[in-house]
Amino acid sequence: MTTTQLDIEQPEQLLAWLQESGLIEPDEQPAMQPLSGGVSNRTVLVQRPSGQAWVLKQALEKLRVAVDWFSNPERVHREAMGLRWLTQLAPPGAIPALVHEDHAAHLLVMDAVPQPHANWKTMLLAGQLDSNHVSQFARLLGAVHRRAFERRSEVAPAFADDSFFESLRLEPYYSFTAGQLPPAADFLHRLIADTRRQRLTLVHGDFSPKNILVYQNRLILLDHEVIHWGDPAFDVGFSLTHLLSKAHHLPARRADFAAAAGQYWQEYAATLGDVPWADALEPRAARHTLACLLARVAGRSPLEYFSAELRARQQQIVTGLMQAPPQTISTLIQQFIERL
Ligand SMILES: Nc1ncnc2c1ncn2[C@@H]1O[C@H](COP(=O)(O)OP(=O)(O)O)[C@@H](O)[C@H]1O
Ligand SMILES: [Mg+2]
């Protein structure tokens with residue numbers, strides 16, 4: 001067996017690979033358990049008799065979705081680069097340590113977040129909204145955006161390629177949505193062009209509650225495949241969309257999620273501080289929020305928890321707001337919420 005054919009979800013293959021790589025002792029018998037959740041990777045938890053635990057992530061070429069969708073497995077090495085840099089840029093403990101990388105098998109090994117932990121998206125959908133978590137979410141993003149900019153001469157060259165962001169975000173979220181909805185096409189095409197021009201700092205590209213684990217009340221960020229040097233307003237809009245879509249989805253908690261969205265923006269902006277592009281960021285972040293709110297109901301990757309009725313309402317409200325886009329996040333939140 002060559003490592004390029006390795007399938008880490010096959011226990012005997014994985015065991016052989018772990019031994020060949022020298023990661024475990026020759027006679028060691030670790031527990032190996034595939035993790036569910038992702039569609040674009042094989043993810044396996046490896047627990048050693050010593051108590052040490054790792055997560056292995058191996059990129060798939062063909063994504064596990066209903067339609068044929070391919071993506072270059074080289075992206076796992078972008079994620080490994082992301083892990084290396086984010087460990088230095090994010091608050092302590094917010095990023096699992098990178099343990100090993102295998103270029104032939106397109107996989108990486110990182111420290112496992114210990115149990116018991118919970119996925120933040122699952123918590124939010126259950127109505128478990130905690131302002132301390134919102135605060136950590138904001139500060140994590142603000143710290144990465146600010147500190148990567150401060151170290152731009154080192155960080156920018158490592159993340160200059162944005163082809164994964166193009167094929168996994170701009171195309172399926174923005175371009176595809178523009179093709180589906182002519183009334184929004186102009187707005188989206190202009191935003192795509194603007195996004196490509198903004199080469200400001202490190203952008204995570206998948207900053208979503210789904211990629212956050214909460215362990216001992218601390219947020220830990222995962223899943224850095226589309227990280228690139230670009231427009232930080234994308235991360236703000238992408239993440240705010242999750243808080244606002246939950247305000248839509250959970251009427252009983254609507255006011256709380258709206259307040260959380262406002263708090264999130266305030267704390268993000270305070271953490272970002274006085275970087276030279278801070279003022280110009282807000283109206284662009286508002287436009288990315290509208291674009292993502294729409295993409296998550298009409299793009300290639302619709303939010304699975306929305307009913308057809310909620311999708312239709314969000315589409316109608318957001319295309320309306322795009323006619324005269326709000327210039328501040330607080331206006332956007334207010335206008336979106338009052339139209340629900
Ligand atoms: N370091 C880790 N520790 C514990 N669980 C993890 C770790 N990395 C990933 N997982 C689990 O695997 C799931 C998928 O991982 P993720 O990196 O988000 O991959 P994908 O790109 O397929 O979404 C996560 O939601 C989480 O439950
Ligand atoms: Mg993920």
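The values are calculated or read from the model by the stated rules, or taken from the named source; none is laboratory data. Quick caveat: nothing in here was measured; it's all calculated off a predicted structure. Cβ placement follows ideal geometry from the backbone for every residue including glycine, while neighbour counts extend to all protein chains displayed. These accessible areas exclude ligands, DNA and RNA; they are computed on the full protein's heavy atoms, side chains included. Shrake-Rupley method; radii C 1.70, N 1.55, O 1.52, S 1.80 Å.
Values as computed for the structure displayed
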| quantity | calculated |
| --- | --- |
| Probe 1.4 Å - accessible area at Ser21, Å² to nearest ten | 40 |
| For the chain, accessible area per residue (1.4 Å probe, heavy atoms of protein chains only), Å² | 42 |
| Relative contact order [Cα under 8 Å, 6+ residues apart], segment 151-281, whole percent | 22 |
| Tensor-based shape of the chain (alpha-carbon gyration tensor, a/c under 1.5 rounded, otherwise prolate or oblate) | prolate |
| Sites Ala185 and Glu25 - FRET efficiency at Förster radius 51 Å, r taken between beta-carbons, to 0.05 | 0.30 |
| Candidates Leu294, Leu202, Leu15, ranked by Gaussian network fluctuation over the chain, Cα under 10 Å, top entry | Leu15 |
| Thr43, Thr241, Thr87, ranked by accessible area, largest first (probe 1.4 Å) | Thr87, Thr43, Thr241 |
| Cα shape, segment 3-111, gyration tensor, a/c 1.5 rule | oblate |
| Cα-projected label distance for Asn119 with Ala16, points at 7 Å along beta-carbon direction, nm | 3.2 |
| Sum of -39500 (n - 2.57) over DSSP H runs of 4+, divided by residues of the chain (222 nm, nearest 500) | -15500 deg cm²/dmol |
| Computed lengthening from Leu35 to Gln128, 0.36 nm per intervening residue step minus Cα-Cα distance | 31.1 nm |
| Exposure of Lys57 as accessible area (Å², to 10), given a probe of 1.4 Å and all protein chains | 20 |
| Average Cα contact separation per residue, the chain, under 8 Å, 6 or more apart, as relative contact order % | 15 |
| Portion, in percent, of the accessible area of the chain that falls on carbon or sulfur, probe 1.4 Å | 50 |
| Lys/Arg +1, Asp/Glu -1 at C-beta; segment 117-339 dipole; positive extreme among Thr122, Gly237, Ala270 | Thr122 |
| Note, ³J(HN,Hα) from phi for segment 167-173, Karplus 6.51, -1.76, 1.60, rounded to Hz, x at Gly and Pro | 7, 9, 10, 4, 5, x, 8 |
| Ordering of 210-220, 136-146 by packing [mean C-beta count within 10 Å, highest first] | 136-146, 210-220 |
| Alpha-carbon centroids, segment 215-249 and segment 91-160: separation in whole Å | 10 |
